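Chemist: To start, I am sharing the structure in question, which I have written as structure tokens.
The values are calculated or read from the model by the stated rules, or taken from the named source; none is laboratory data. Bear in mind that the values here come from a model prediction, so they are computed numbers and not experimental data. Cβ sites come from the backbone with ideal geometry, for glycine too, and all protein chains shown count toward neighbours.
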Amino acid sequence: MKPEETVDYNFKVCWHAISRMYNTEAAKADITTSIGFVLLNINQETGTPATKIAPLLGLEARSLTRILKSMEEKNLIYKVSDPNDKRLVRIFLTEKGLEKKEISRQTVKQFNHIIREEIPQEELEVFLKVCGRILGMIENKEIFNP
């Protein structure tokens with residue numbers, strides 16, 4: 001079987017192309033794709049517990065720690081200890097962080113709009129259903145542990 005005929009190869013190549021595209025756009029706003037995704041997952045009203053962000057993005061805690069440190073250095077976020085549980089730290093966006101979040105949101109929105117214009121709804125529904133099934137199989141350990 002040729003690599004381009006495998007499911008994982010096609011996912012990887014497509015994701016890398018999307019990632020490169022997002023990185024190019026993110027660089028214009030002086031952020032990274034990872035920072036953009038973190039920004040999109042922070043609830044400004046209530047703050048987002050740092051421990052909740054990594055699983056949302058499929059990141060390891062160490063990777064998130066580095067990203068959050070970089071975001072603090074760029075004045076995109078600030079941390080607040082939870083008054084009820086001092087072990088819990090909530091992440092909030094600064095004004096600059098809110099601006100970058102909006103840029104990230106518009107970029108994702110534009111990408112999805114263009115995809116939805118070019119690919120018929122029925123094909124997208126099948127794609128999303130297949131992605132969901134594959135993800136479920138992996139999460140339920142049905143792939144290598146049947």
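Chemist: Going through segment 28-46 one residue at a time, which ones are out of contact with any helix residue (DSSP H, G or I) (no Cβ under 9 Å at 6 or more places or on another chain) and either charged (D, E, K, R) or closer than 20 Å to I67 by Cα (or both)?
Modeler: If the condition is that a residue be out of contact with any helix residue (DSSP H, G or I) (no Cβ under 9 Å at 6 or more places or on another chain) and either charged (D, E, K, R) or closer than 20 Å to I67 by Cα (or both), then N43, E45 are the ones that fit.
Chemist: On the basis of being in contact with a strand residue (DSSP E or B) (Cβ under 9 Å, 6 or more places away or on another chain) and of a type in the set (A, V, I, L, M), does L76 make the cut?
Modeler: Against the criterion (in contact with a strand residue (DSSP E or B) (Cβ under 9 Å, 6 or more places away or on another chain) and of a type in the set (A, V, I, L, M)), L76 qualifies.
Chemist: Would you pick out the residues in segment 61-86 that are of a type in the set (G, A, S) and either under 18 Å from E99 (Cβ atoms) or within 16 Å of the chain's Cα centre (by Cα) (or both)? Show your work before the answer.
Modeler: To start, the set of residues in segment 61-86 that are of a type in the set (G, A, S) comprises 61, 63, 70, 81.
Those that are of a type in the set (G, A, S) and either under 18 Å from E99 (Cβ atoms) or within 16 Å of the chain's Cα centre (by Cα) (or both): A61, S63, S70.
Chemist: For segment 87-124, which residues satisfy the criterion of being within 17 Å of the chain's Cα centre (by Cα), within 22 Å of M21 (Cβ to Cβ) and of a type outside the set (S, T, N, Q)?
Modeler: Across segment 87-124, the qualifying residues are K100, K101, E102, I103, R105, V108, K109, F111.
Chemist: In segment 106-146, which residue that is among the β-branched types (V, I, T) and assigned to a helix (DSSP H, G or I) is nearest to C14 (Cα to Cα)?
Modeler: Of everything passing the filter in segment 106-146, I115 is nearest to C14 (Cα to Cα).
Chemist: Does segment 8-23 contain at least one residue that is over 29 Å from M137 (Cα atoms), surrounded by 11 or more Cβ atoms within 10 Å (Cβ to Cβ) and touching a residue at least 24 places away in the same chain (Cβ under 8 Å)?
Modeler: No, that holds for no residue.
Chemist: On the given criteria, is I42 under 30 Å from P83 (Cβ atoms), surrounded by 14 or more Cβ atoms within 10 Å (Cβ to Cβ), modelled with pLDDT under 95 and under 15 Å from the mean Cα position of the chain (by Cα)?
Modeler: So I42 fails the test.
Chemist: With of a type in the set (S, T, Y), part of a helix (DSSP H, G or I), at pLDDT below 90 and surrounded by 11 or more Cβ atoms within 10 Å (Cβ to Cβ) as the only criterion, which of S63, S34 stands out?
Modeler: So the residue among S63, S34 that is of a type in the set (S, T, Y), part of a helix (DSSP H, G or I), at pLDDT below 90 and surrounded by 11 or more Cβ atoms within 10 Å (Cβ to Cβ) is S63.
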